[in-house]
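The values are calculated or read from the model by the stated rules, or taken from the named source; none is laboratory data. Being a predicted model, the structure only gives us computed values, none of them experimental. Cβ sites come from the backbone with ideal geometry, for glycine too, and all protein chains shown count toward neighbours. Side chains included, ligands, DNA and RNA excluded: accessible areas come from the protein's heavy atoms. Shrake-Rupley method; radii C 1.70, N 1.55, O 1.52, S 1.80 Å.
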Amino acid sequence: MNTGSQSACSISAHKSSCLLLDAAVLLMASGAHTERVNRNLKRLAAALGFEVELFFSLSGITLTLSDHRHEPITAFRKVPAYGVQLSVVSAISRLSWKAMEEQMPFDSIEKEIQRIRTLPHYPKPLVIMMIALAGMAFCRVSGADYLSVALAGVATALGFYTRNLLLQKHYTLPICVAMAAFVASGISGIGYISAIIPHPEIAVATSVLFLIPGIPMINSIVDLVHGHIITGQGRAMQAIVISMAIAMGITLSSALLGALIP
């Protein structure tokens with residue numbers, strides 16, 4: 001094979017590795033468990049005519065791409081942040097199956113990945129309203145009166161707003177969670193000061209439920225079951241740190257409220 005052909009193949013493998021890492025980072029950052037990322041990347045790589053080996057850690061993804069004819073290419077991509085956007089996860093999963101079954105060309109896959117990257121989130125006011133309603137529902141199901149339910153809704157909404165505001169200012173996640181728990185439990189804890197609310201403890205307990213790290217907890221178990229020990233342990237530690245931050249915020253607000261109660 002001449003030098004020009006080798007160079008073109010190298011460029012193609014390099015572009016393919018970048019595209020696959022784009023998809024992998026999107027999946028990890030959107031709440032997919034590690035084995036799902038692994039399966040999706042193998043399908044996309046097969047559609048592009050390559051075999052792929054992946055190494056996952058909580059901080060980033062290492063990918064080695066080969067086609068049995070040329071030297072393998074190894075690349076690394078950092079995962080900037082973790083969140084939850086399941087529409088991205090399902091869209092890339094559908095794309096991986098379609099790409100493998102229909103042998104989609106590189107340009108089509110790249111265009112679809114770029115489209116998925118721009119999928120919009122739900123509007124923030126709608127998210128705040130739905131999270132507040134969820135907190136109110138939990139409070140009511142737990143046996144609280146309507147005043148406690150209303151207080152839990154207000155506390156949940158303001159706590160969620162606080163968390164998002166601090167995240168936008170690039171504070172670390174544990175600090176954001178601790179402050180959100182402080183605000184939510186502090187506002188719902190006003191019921192301890194007022195004698196008109198008979199069950200303030202229920203409002204306090206349910207106002208911080210939106211902070212529970214459900215996705216990291218579930219993904220850590222799934223990762224450990226599939227043998228992805230490093231990411232499984234990393235996600236478990238992330239869930240523990242978030243839980244400790246919630247406890248710290250509640251403790252601080254309880255201490256403040258205790259000082260205000262005569």
Query - Burial order of peptide ranges 103-114, 133-144, 177-188 (average beta-carbon count within 10 Å, highest first) - result: 177-188, 133-144, 103-114
Report task. Only Cα pairs under 8 Å and at least 6 apart count here; give the relative contact order of the chain as a rounded whole percent. Result -> 17
**Report entry** Heavy-atom accessible area per residue - the stretch 38-93, 1.4 Å, Å²
**Finding:** 50
Query raised in the report: Which angle between 0 and 90 degrees, to the nearest 10, do you get for helix 214-225 versus the longest principal axis of the chain when only C-alpha atoms count?
Result: 50
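Quick one: putting +1 on the C-beta of Lys and Arg, -1 on the C-beta of Asp and Glu, what dipole do you get for the stretch 98-186 around its Cα centre, in Debye to the nearest 20?
Roughly 340 debye, rounded to the nearest 20.
Counting only pairs 8 or more residues apart or on different chains, how many lysine pairs in the chain have their Cα atoms under 18 Å apart? Working shown, then result.
Details: LYS15/LYS42; LYS15/LYS78; LYS15/LYS111; LYS42/LYS98; LYS98/LYS111; LYS124/LYS169.
Value for the chain: 6.
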Report summary line: The farthest towards the positive end of the charge dipole of the chain, of the residues SER96, THR34, CYS139, given +1 on Cβ of Lys and Arg and -1 on Cβ of Asp and Glu, is CYS139
Query raised in the report: So, with a 1.4 angstrom probe, what is the percent of accessible area on the chain that is carbon and sulfur?
Result: 67
Report task. Take the Cβ-Cβ distance between ARG115 and LYS15 as r, set R0 to 25 Å, and report the resulting FRET efficiency rounded to the nearest 0.05. Result -> 0.90
Query raised in the report: Can you give the charge dipole size of the chain about its Cα centre, rounded to the nearest 20 debye, using +1 on the beta carbon of Lys and Arg and -1 on the beta carbon of Asp and Glu?
Result: 320
Query raised in the report: Of LEU257, VAL222, VAL52, which is farthest along the charge dipole of the chain in the positive direction, counting Lys and Arg as +1 and Asp and Glu as -1 at C-beta?
Result: LEU257
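What's the long-distance tail for the stretch 24-95, i.e. % of Cα pairs beyond 15 Å? Intermediate results must be reported in sequence, preceding the final value.
Working: 1338 of 2556 pairs.
The answer is 52 percent, as a whole percent.
Residues of the stretch 128-262: accessible area per residue at 1.4 Å, in Å²? Could the numbers behind the result be given before it?
On the way: 7000 Å² over 135 residues.
Per-residue accessible area for the stretch 128-262 comes out at 52 Å².
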Report summary line: So for the stretch 114-262, using the alpha carbon gyration tensor with a ≥ b ≥ c as root eigenvalues (a/c under 1.5 gives rounded; past that, a/b versus b/c decides prolate or oblate), I'd call it prolate
**Report entry** Ellipticity estimate at 222 nm from DSSP helix runs (n ≥ 4, -39,500 (n - 2.57)) divided over the chain, nearest 500
**Finding:** -23500 deg cm²/dmol
Query raised in the report: Given the Cα-Cα distance of ILE196 and ARG39 and 0.36 nm per residue of separation, how much length would full extension add, in nm?
Result: 51.0 nm
